[in-house]
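Here the structure is laid out as structure tokens; the discussion comes afterwards.
Laboratory data are not the source of any read-out in this text; all were calculated from the coordinates shown. Keep in mind it's a predicted model, so treat the numbers as computed, not measured. Positions of Cβ are generated from backbone atoms using ideal geometry, with glycine treated the same way; all protein chains shown enter the neighbour counts.
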Amino acid sequence: MNNMLVIIKKELARFFGDKRLVFTTAIMPGLLIFLMYTLMGEGLMREFTTEEDYIAKAYVRNMPAELESSLKELPVEWEIWDGGNPASDQVLQEIAEGERDGLLVFPDRFMQDMLAYEAGQGEAPNVEIYYNSEESNSGAFRSAAVRFLDQLEESVANKFDINRGEGSLGDYDRVSEQSVMGQLLAGLLPMLIMTFIFSGCTAVAPESIAGEKERGTIATLLVTPMKRSALALGKIVSLSVIALLAGLSSFLGTILSLPKLMTDEVDFGAASYTALDYGLLFAVILSTVLVTVAVISLISAGAKSVKEASTAIAPFLSVIVIVSLLPLFHLGGGGKVADLIPLYNSVMTMNGIFSFESSVSDVVITVLVNFAAAGILGGILTKMFSSEKVMFNR
Amino acid sequence: MEELIQVKELCKTFKLSAKQQKLEKTKEKTKVAVDGLSFTAYKGEVFGLLGPNGAGKTTTLRMLATLIRPDSGDALLDGVSVTKDPETVRSRIGFLTSELKLEDFFSPNYLFQFFASLYGVPQDKALARREELFSRFGIDRFAEVKVGDLSTGMKQKVSLVISLVHDPDIIIFDEPTNGLDVLTAKVVTDFLLDLRAQGKTILLSTHIFSLIEKICDRVGIMISGKMAVCDTLEKICGGKSLEDRFFEVYREKAGDLE
Ligand SMILES: Nc1ncnc2c1ncn2[C@@H]1O[C@H](COP(=O)(O)OP(=O)(O)OP(=O)(O)O)[C@@H](O)[C@H]1O
Ligand SMILES: [Mg+2]
């Protein structure tokens with residue numbers, strides 16, 4: 001027990017004493033994910049939107065005096081154009097080249113004709129909006145103009161409303177916000193979390209076990225009277241702490257950038273999860289990290305070098321990814337049997353937590369099973385540390 | 001005289017992989033590294049295992065240090081069996097070979113403290129011992145330098161000092177002066193003589209005759225995993241130089257083997 005703490009202390013001192021290691025394993029992954037997703041999200045948005053405070057520059061012909069004040073409230077700098085209709089090539093050229101964002105053409109005597117018009121009798125007065133769909137600013141100008149005109153049309157001939165006050169007053173959409181968000185997150189997040197845990201573990205475990213073996217430093221530990229089990233458990237616990245940090249960093253990077261990636265359309269529903277959900281999630285993640293670290297430690301202990309260990313670990317990643325993807329395709333059931341298979345139970349239980357369908361008993365079983373699995377793997381690792389074939393094979 | 005190291009009929013056979021078979025240029029699937037080896041080292045003496053490359057010296061010392069298990073036979077160190085109670089054996093001996101490396105990342109200070117904890121040395125004793133050993137080997141000036149940045153000789157000295165954190169009564173060294181320059185080698189051999197003066201029992205292996213002549217009380221000449229001769233230095237040499245005697249013994253035994 002005492003020696004196990006000594007080993008843990010040393011492993012943590014090794015990790016935290018190395019600024020570069022801390023940066024590359026615990027900070028960089030999260031930072032990279034955050035930057036990547038944020039840039040991706042912003043790139044997407046820039047495609048479809050304009051900067052918030054952009055003032056469009058547009059021409060207007062025949063601006064009705066009644067509408068002048070409300071038109072001037074739009075984020076548009078109007079310039080009166082009093083050429084004839086159709087618009088001259090000169091103006092259309094400017095719009096095509098992006099120098100102007102558009103042209104709004106009211107017909108002559110628009111207000112009178114419009115107010116006098118009866119539905120279904122002859123042609124209604126036509127307002128024309130020239131724009132350039134390739135320029136997002138021009139597109140924004142068009143939407144603003146259309147919205148303005150729609151409102152005008154509605155206010156002139158309002159016969160009935162649909163869902164009046166939606167958004168601000170009533171909530172007509174009865175789908176629960178939880179289940180929409182939950183389904184999306186429930187499918188994706190377990191896989192993300194599993195891969196983050198995995199990458200956190202592979203960042204440190206092969207180096208700490210296969211690396212020490214390769215460099216001959218673990219042999220120095222083996223000539224001390226320390227119990228092999230203390231070494232095995234000390235390694236597993238300390239590596240789990242570090243892997244948890246690395247995984248957490250990636251996790252935060254994702255969570256913080258998700259809202260940007262999803263734009264405003266999707267309201268990130270993290271707020272709908274309760275403290276209990278988070279607590280259960282943490283317990284599952286913790287137990288998953290222990291199992292993953294133990295598996296990777298075993299593989300590393302069997303390998304002769306860090307390189308060999310990394311190669312041997314690759315298939316394990318495939319297994320994890322495949323298992324994690326099952327819920328996304330609604331494959332693989334939950335239930336008591338699933339709870340008994342380490343790692344698979346993590347995926348299913350996390351899926352349950354994110355889709356608000358978890359039961360505390362599932363989580364408890366999952367965590368216990370994973371702890372037991374980690375314990376058994378720790379026992380095997382102890383055996384490997386005691387085996388001269390494993391530790392001193394040439 | 002107290003028999004501090006008793007080696008009885010030790011045997012060790014390695015399975016050879018295909019790769020090793022090629023390296024050793026043999027078709028045999030196994031290699032008998034140590035073959036019924038017995039000898040005794042007494043308290044307070046320096047015992048030297050002398051032998052050519054591949055004689056089985058390192059394998060023997062590793063079995064005594066409990067890093068590998070003998071196939072048969074046993075050894076008692078201070079009365080404790082390497083096969084039955086390896087943990088106690090490890091707490092009683094200091095074992096050093098060039099294969100045991102220290103982590104480059106840490107400083108001698110940190111590592112000394114770390115290994116002192118693993119050996120269960122009380123804090124105040126550890127500090128006093130560090131003080132003494134570091135100044136003796138000139139490590140004190142480098143006490144906070146990462147091991148990775150030390151010279152080969154300084155690294156060896158740190159390894160040596162750390163293998164003795166717990167002040168063991170039995171010290172087992174595989175090739176103690178390998179890779180050291182004459183100055184550093186002398187520091188090490190002088191230190192071994194000091195340890196003997198303190199009543200420690202030292203078992204070392206080497207293929208360097210002069211080292212044996214300088215510090216060993218008794219010698220065992222190992223050839224092909226077997227003990228060819230084992231006696232005090234004077235009796236083995238019988239007036240001749242150790243080198244001449246070694247070749248005589250070797251011719252006899254190698255002749256036997258053919
Ligand atoms: N782990 C192993 N697997 C296979 N063969 C081994 C192993 N360890 C040692 N041997 C073989 O056993 C024999 C004895 O090796 P050992 O290292 O004990 O010799 P040595 O006397 O220390 O030699 P040297 O002076 O070169 O250090 C050699 O032939 C060696 O190749
Ligand atoms: Mg050797």
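Key figures
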read-out: Inter-label distance for B:Ser17 and A:Ser133, nm, one decimal - labels placed 7 Å from Cα along Cα-to-Cβ; value: 6.5 nm
read-out: Amide hydrogen neighbours beyond the local backbone of B:Ile68, cut-off 5 Å, H modeled; value: B:Met63
read-out: Selection from B:Leu37, B:Thr13, A:Leu381 lying farthest towards where the dipole of the protein assembly as shown points positive, charges on Cβ; value: B:Leu37
read-out: Full-extension gain in nm, A:Ala314 to A:Thr274, via 0.36 nm per residue minus C-alpha separation; value: 10.8 nm
read-out: Point-charge dipole on Cβ atoms (K/R +1, D/E -1) for the protein assembly as shown, about Cα centre, debye to 20; value: 5600 debye
read-out: Percentage relative contact order, region B:133-222, counting C-alpha pairs under 8 Å, at least six apart; value: 27 percent
read-out: For residues of A:224-233, the mean tally of beta carbons on other chains within 10 Å; value: 4
read-out: Exposure proxy order (Cβ contacts within 10 Å, fewest to most) of B:Met227, B:Met1, B:Met222, A:Met28; value: B:Met1, A:Met28, B:Met227, B:Met222
read-out: Degrees separating the helix B:123-136 axis from the principal Cα axis of chain B, which is the longest one; value: 70 degrees
read-out: Burial ordering of B:Tyr250, A:Tyr130, A:Tyr278, fewest other beta-carbon atoms within 10 Å first; value: A:Tyr278, B:Tyr250, A:Tyr130
read-out: Contact order relative to length of region A:56-157, as percent, for alpha carbon pairs under 8 angstrom and 6 or more apart; value: 29 percent
read-out: Peptides ranked, highest mean first, by Cβ atoms within 10 Å: ranges A:384-393, B:184-193; value: B:184-193, A:384-393
read-out: Amide H contacts of B:Leu4 (H built 1.01 Å from N, under 5 Å, at least 5 apart or other chain); value: B:Ala41, B:Tyr42, B:Lys43
read-out: Simple label model, 7 Å out from Cα along Cβ direction - B:Gln123 to A:Val156, nm; value: 8.9 nm
read-out: Mean separation of Cα contacts under 8 Å, 6 or more apart, over the residue count of chain B: relative contact order %; value: 26 percent
read-out: Within chain B: Cβ-based charge dipole about Cα centre, in debye rounded to nearest 20 (Lys, Arg +1; Asp, Glu -1); value: 740 debye
read-out: Positive-end residue of A:Phe316, A:Pro64, B:Pro122, charge dipole of the protein assembly as shown with Cβ unit charges; value: B:Pro122
read-out: For B:98-107, mean number of other protein chain Cβ atoms within 10 Å; value: 5
read-out: Set of aspartates and glutamates with alpha-carbon distance to B:Lys84 below 17 Å, sequence-local pairs under 8 removed; value: A:Glu388, B:Glu9, B:Asp71, B:Asp74
read-out: Order of B:Val32, A:Val6 under a 10 Å beta carbon neighbour criterion, fewest first; value: B:Val32, A:Val6
read-out: Förster radius 35 Å - calculated FRET efficiency between A:Ala116 and A:Ser69, Cβ distance, rounded to 0.05; value: 0.95
read-out: For B:Gly94, distant residues with modelled amide H under 5 Å away; value: B:Ile170, B:Ile171, B:Ile172
read-out: Positive-end extreme of charge dipole, the protein assembly as shown - chosen from B:Gly51, A:Ala144, B:Cys230 (charges on Cβ); value: B:Cys230
